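K.L.:
Okay, handing you the structure first.
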């Protein structure tokens, strides 16, 4: 077998790109060291394709495909948010910023500072989410459904206030607080993490310290609670089509305990399934907190130096780190029916590999030029990756086709800030939100940086901007999901006395329409004071929950739900 040609030599980089770290227009095809669009000498032919022939056209996305192009699924779930604000401190000078390439700040700060002074980190996209209305459908998404539940909880509201108290100051046309929960779990010093959130049918599920808790979406009454022997330490943002999830928990409570225990849970009923220890994949398998991702009946568990895949339904191991000779194991990214692997080879070149989610077999390989690496994966199908140059802090967002060939690089003016758990560290791959990738319209939507920002939609085929929508004065607009031919986004309040809102924008472009305006009055300061919350908009309801509970106050807010 002949050796592949050497990757193209990157041209000299500009000392400082014009316009404060971004380019005013599209770069030339190889301006940042990448092959021209569509040219990947390392791409492997697909089955049935002869070498040298063009790839077979991929399956066109269905109009009913959800955001990120995934097959419709019932659960809304989100990546693990950080336990500290991502951005500037409340006072003091603005942090220094590195040079950027095209769209993303140079891996330093990911800032979302609301006009109210609160710090938000928004969960974006649907994961492998609930089945949306078909593109162009008039099916309403603001008429909620769901059934009442049997209350098994404490029945408390928020900050000693009833739901009526919370809604006492709302104005005509505003929505209301449907219900609010405060923490009733006894926590150790330092509190407990509450990273997982999923909306599955008529149940919203939150993880908290050593348990998962399911609440009825209509009334907030506790439906079930599943306790673990030690704290839950890692959660995926996707669920299976039938509402199941796999979470990781510690193998003990000592300081030497590892996050290596997996458990399957039915989120609709709270029933616990199989439990399994993640096996070591080799001597370089450092069992730090694994990053979990689900697609179909496969869950991947990636850590430093190794990755494994298991069958969600049974817990059986499907495959481990499967990399070419001379390459070191990397991480898996999974979702929307696909898995991709990232591996670093002995020559220092990083590879991105299309991977079968059942067998682990590789279907194509994309080798990056020397010095470039994958930083984050924003979507697996369509495949959208954030790549960076190791030494010069240059970055770009690339769209790669199903044949492993580059489709485009995004280009346009602005500093764009997807929200990531850890903007400094490149792993885990799938810890970012605040970016929506919609296969049906071939569109990526990103927020620009800072207060009074914009949403910008890009064409995935050309990489060029299609439309822009402003947030408004002293507000921050962050995309949440695409559904029914529309983009849904959360627009923060301009001050502490008013509530935020959910707006929709046609994916083809147009003026934003307010879908839900959260109430003024006593509820507004509570909404605006959430610390790095998770946010989901599902079935006409806005879910906002804490990702870390301090345990210092008896009425510490935990989960707040808004609707009409």
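Nothing in this text is a laboratory measurement; each read-out follows from the coordinates by a stated rule. Keep in mind that this is a model prediction, so the values were computed, not measured. Using ideal geometry, Cβ is built from the backbone for each residue, glycine included, and neighbour counts are taken over all protein chains shown.
K.L.:
Given a Förster distance of 45 angstrom, what is the FRET efficiency for residue 495 paired with residue 289, based on the Cβ-Cβ distance and rounded to 0.05?
P.N.:
It comes to 0.75.
K.L.:
Let me ask another. According to the square roots a ≥ b ≥ c of the eigenvalues of the Cα gyration tensor, what is the shape class of segment 307-385, taking rounded for a/c under 1.5, prolate for a/b larger than b/c otherwise, and oblate for the remainder?
P.N.:
Since a/c reaches 1.5 but b/c is at least a/b, the shape of segment 307-385 is classed as oblate.
K.L.:
Let me ask another. If you build the Cα gyration tensor of segment 480-541 and take the root of 5 times each eigenvalue, what three semi-axes come out, in whole angstrom, biggest first?
P.N.:
Here the semi-axes work out to 23, 12, 9 Å.
K.L.:
Based on the Cα coordinates of segment 370-459, what is the per residue volume of their convex hull in Å³?
P.N.:
108
K.L.:
Still on this structure, please answer the following. Note down, for segment 345-396, the three equivalent ellipsoid semi-axes (square root of 5 times each alpha carbon gyration tensor eigenvalue), biggest first, whole angstrom.
P.N.:
Rounded to whole Å, the semi-axes are 22, 15, 7.
K.L.:
Still on this model: So for the pair residue 356, residue 162, with labels modelled 7 Å out along Cα→Cβ, what separation do we get in nm?
P.N.:
About 6.1 nm separates the two model spin labels.
K.L.:
Right, here's the next one. Which FRET efficiency value, to the nearest 0.05, is calculated for residue 473 and residue 424 with the Förster distance at 22 angstrom and r the Cβ-Cβ distance?
P.N.:
Efficiency at R0 = 22 Å is approximately 0.10.
K.L.:
Any idea how far apart residue 221 and residue 325 come out in nm if each label point goes 7 Å out from Cα toward Cβ?
P.N.:
6.5
K.L.:
Let me ask something else. Would you please classify the overall shape of segment 180-330 from the alpha carbon gyration tensor, given that a ≥ b ≥ c denote the square roots of the eigenvalues, rounded means a/c under 1.5, and beyond that prolate means a/b larger than b/c while oblate covers the rest?
P.N.:
It comes out oblate by the Cα gyration axes.
K.L.:
Just subtract the alpha-carbon distance of residue 452 and residue 344 from 0.36 nm times their residue separation and send over the number in nm, one decimal.
P.N.:
34.9 nm
K.L.:
Rounded, prolate or oblate, given the Cα gyration tensor of segment 414-454, with a/c below 1.5 counting as rounded?
P.N.:
Since a/c reaches 1.5 but b/c is at least a/b, the shape of segment 414-454 is classed as oblate.
K.L.:
Relative contact order, percent, of segment 360-506 when contacts are C-alpha pairs under 8 Å separated by at least 6 residues?
P.N.:
15
K.L.:
Give the Kirkwood hydrodynamic radius (Å, one decimal) of segment 439-521, defined as one over the mean of 1/r across all pairs of different Cα atoms.
P.N.:
Hydrodynamic radius (Kirkwood, Cα pairs) of segment 439-521 is 13.0 Å.
K.L.:
Beyond 18 Å, what share of the Cα-Cα pairs of segment 174-247 is found? Please give it as a whole percent.
P.N.:
Counting pairs separated by more than 18 Å, the tail of P(r) holds 42 percent.
K.L.:
Next question, about the same structure. Computed from the mean reciprocal separation of all distinct C-alpha pairs, what Kirkwood hydrodynamic radius does segment 301-446 have, in Å?
P.N.:
15.8
K.L.:
Over all alpha-carbon pairs of segment 257-357, lay out the pair-distance distribution in 10 Å bins, whole %, shortest bin first.
P.N.:
That works out to 15, 47, 29, 7, 1, in percent per bin.
K.L.:
Simple spin-label model, 7 Å along Cα-to-Cβ: residue 276 to residue 241 in nm?
P.N.:
Rounded to a tenth, the inter-label distance reads 2.1 nm.
K.L.:
Follow-up. Please give the FRET efficiency for residue 304 paired with residue 185, using the beta carbon to beta carbon distance and R0 = 25 Å, rounded to the nearest 0.05.
P.N.:
Result of the calculation: an efficiency of 0.25.
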